[in-house]
Amino acid sequence: MERSRRKIEAAALSIFTKQGYHGTSIREIADKAGFSVGNIYNHYPTKEDLFITLVRRYEERIGELRAAAFDQLDDVFQHSELERLALSIRDIVYKHPDYWRLMYIDVVEFGNKHFAHVYQGWSEQVEAILGERLRASAKRGPWGGLKPSLTFTIIYLQFFTYYLVETLFNAKRHLGVSDEEAIQQMITMMTQGIWVKRRGKAAT
């Protein structure tokens, strides 16, 4: 039964990400998977149930990858650690493009009905996972009253957005430089600010 469900879900994912949700029929999914329409409905009462199953399976996998990325971090606001974070996010985004395609399908066709919860309370989630490491790292540098969990969340989402534009929008080198140079520039801005004193002079 599980093998059948996986085959159906793979077929549905393939068609949903090309034609959208409303542009895809159960008949097309059944034909792609090699099952009858009735067999599809034996596993999923509705087409939306099938879509939701795809979303939840991906959410579980992406959550595992995100947790693994966070587990690698120690002094989380150090330049080297942010480089490590950026590389982890790059892998998550680049290796799972269909997850992000499903997200955009959901935004356009369902008004973000099935993904909205993913990005709610992100700062609190980060605090729960990295709390002590965030506070310890923040103590090692000038902080200016910023909230560590919120700051880290903003950095994470900036990396995520950069890689999403690069891969999903097929906008390679959209900042005009390589991934490595773009990320280095972002991290310098995040850790030192826009105005950095170099050799006694202020420079951007």
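Laboratory data are not the source of any read-out in this text; all were calculated from the coordinates shown. Treat the numbers as computed from the prediction; the structure is a model and nothing was measured. Cβ: placed from backbone, ideal geometry, glycine included. Neighbour counts: every protein chain shown.
Each Lys and Arg contributes +1 and each Asp and Glu -1, all at the Cβ; summed about the Cα centre of the chain, the dipole is approximately 440 debye. Shown in residue order for the range 105-121 are the 3J(HN,Hα) couplings computed by the Karplus curve 6.51 cos²θ - 1.76 cosθ + 1.60 at θ = phi - 60°: 4, 5, 4, 6, 9, 10, x, 6, 5, 9, 10, 3, 5, 4, 9, 8, x Hz (x for Gly and Pro). Lysine pair count for the chain (Cα-Cα distance under 24 Å; residues 8 or more apart in sequence or on different chains): 15. Per residue, the convex hull spanned by the Cα atoms of the range 68-142 measures out at 110 cubic angstrom. Quick one: Debye curve from the C-alpha atoms of the chain, no solvent, what's log10 I(q)/I(0) at q = 0.11, 0.17, 0.19 Å⁻¹? Those come out to -0.64, -1.16, -1.32, one per q. Taking the charge dipole of the range 1-110 about its Cα centre, with +1 at Lys and Arg Cβ atoms and -1 at Asp and Glu Cβ atoms, the residue from Tyr44, Leu82, Ala69 reaching farthest to the positive side is Tyr44. Our helix-only sum for the chain, with -39,500 (n - 2.57) per DSSP H run of n ≥ 4 divided by its residues, gives a mean residue ellipticity at 222 nm of -23000 deg cm²/dmol. Couplings 3J(HN,Hα) for the range 93-103, derived from phi with the Karplus relation 6.51 cos²θ - 1.76 cosθ + 1.60 (θ = phi - 60°), are 6, 5, 8, 9, x, 5, 4, 6, 5, 4, 4 Hz, where x marks Gly and Pro.
With θ taken as phi - 60° and the Karplus curve 6.51 cos²θ - 1.76 cosθ + 1.60 applied, the whole-hertz 3J(HN,Hα) list for the range 63-75 is x, 5, 5, 5, 4, 5, 5, 5, 5, 6, 8, 10, 7 Hz, x standing for glycine and proline. Per residue, the average separation of C-alpha pairs within less than 8 Å and at least 6 apart gives the chain a relative contact order of 20 percent. Along the axis of the charge dipole computed for the chain (Cβ charges of +1 for Lys and Arg, -1 for Asp and Glu, origin at the Cα centre), the listed residues Gly121, Thr24, Phe35 are led at the positive end by Gly121.
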